[in-house]
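Below is one structure; the comments refer to it alone.
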Amino acid sequence: VVRNPDLDAVLSGTLAEGEPSIQEIEVGSPETRRVLIHAVRLPPESSRAGVVAVFHDVTEIRHLEEVRSDFIANASHELRTPITSIRGFAETLLTTPPGEDHEPYLQVIQRNAERLSNLVSDLLELSSIESQRTPLRPSEIELVDLVKQLVNDLAPRFAEAELKAIVDGDGEVVVWADRRSTERILANLVDNAIKYSDPVGQVHIS
């Protein structure tokens with residue numbers, strides 16, 4: 001007796017039809033798992049045949065496929081915005097009479113080209129990390145100094161967003177890590193804080 005109706009249908013169908021069956025179903029409660037079933041009647045010609053079924057847990061694979069699909073959709077959306085701006089302002093320049101001030105249009109094109117370049121760099125970096133080709137070279141890093149340096153580098157961004165950066169920490173915090181990767185992690189966190197904070201607020205790093 002099999003309590004899962006989908007699994008029961010796979011087994012009984014394979015037994016009745018005599019043909020191998022490959023199907024994906026959900027099993028388990030309360031934690032649901034996705035399993036890929038390969039079922040075959042054995043022995044094939046005997047009237048007293050049974051069914052041998054092999055189960056492959058594909059839950060994580062399906063989850064990763066879903067994450068990848070969402071990521072591609074989000075990345076496509078992020079790429080579309082600067083491309084649309086560049087195309088629109090390039091068309092405006094082509095139809096603008098000579099002698100008119102083109103600098104504002106060119107600044108928008110340059111700004112969006114840089115944004116596009118950063119997005120492509122992020123995608124390449126992500127691909128490198130995912131393929132585990134990024135070599136890690138750990139060393140001793142003084143974290144507070146690294147954060148203060150990063151905040152200093154991002155000062156124009158903070159000013160543009162009308163935000164104040166507060167770094168809470170004067171003592172030494174030494175970590176053993178890859179400097180480049182640590183800088184990237186911190187830069188992403190601070191960049192998100194700038195991007196998603198309301199103006200005239202604070203970004204507090206402790």
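Worth pointing out:
- Taking every DSSP beta bridge that has both ends in the range 120-206, the antiparallel portion is near 50%.
- Applied to the range 21-36, the Karplus parametrisation 6.51 cos²θ - 1.76 cosθ + 1.60 on θ = phi - 60° returns per-residue 3J(HN,Hα) values of 10, 10, 9, 10, 9, 9, 9, x, 7, x, 8, 8, 10, 9, 10, 9 Hz, with x for Gly and Pro.
- Charging the Cβ of each Asp and Glu at -1 and of each Lys and Arg at +1, and nothing else, the dipole of the chain about its Cα centre rounds to 440 debye.
- Size of electric dipole in the range 60-139: Cβ of Lys, Arg +1 and of Asp, Glu -1, about Cα centre, debye, nearest 20: 220 debye
- Stokes-Einstein D for the chain, Kirkwood Rh over Cα pairs, 10 °C, 1.306 mPa s (µm²/s): 69 µm²/s
- Under-5 Å amide H pairs with ASN4, H placed in peptide plane, nonlocal only: none
- Cβ-based charge dipole, the range 1-156, positive-most Cα from ILE141, THR59, ALA73: THR59
- FRET E, pair ASN192, SER46, Förster distance 45 Å, beta-carbon r, rounded to 0.05: 0.10
- Ratio of the Cα radius of gyration of the range 25-97 to 2.2 N^0.38 Å, where N counts its residues: 2.31
Laboratory data are not the source of any read-out in this text; all were calculated from the coordinates shown. Since this is a predicted model, take the numbers as computed values, not measurements. Glycine also receives a Cβ, built like all others from the backbone with ideal geometry; neighbour counts cover every protein chain displayed.
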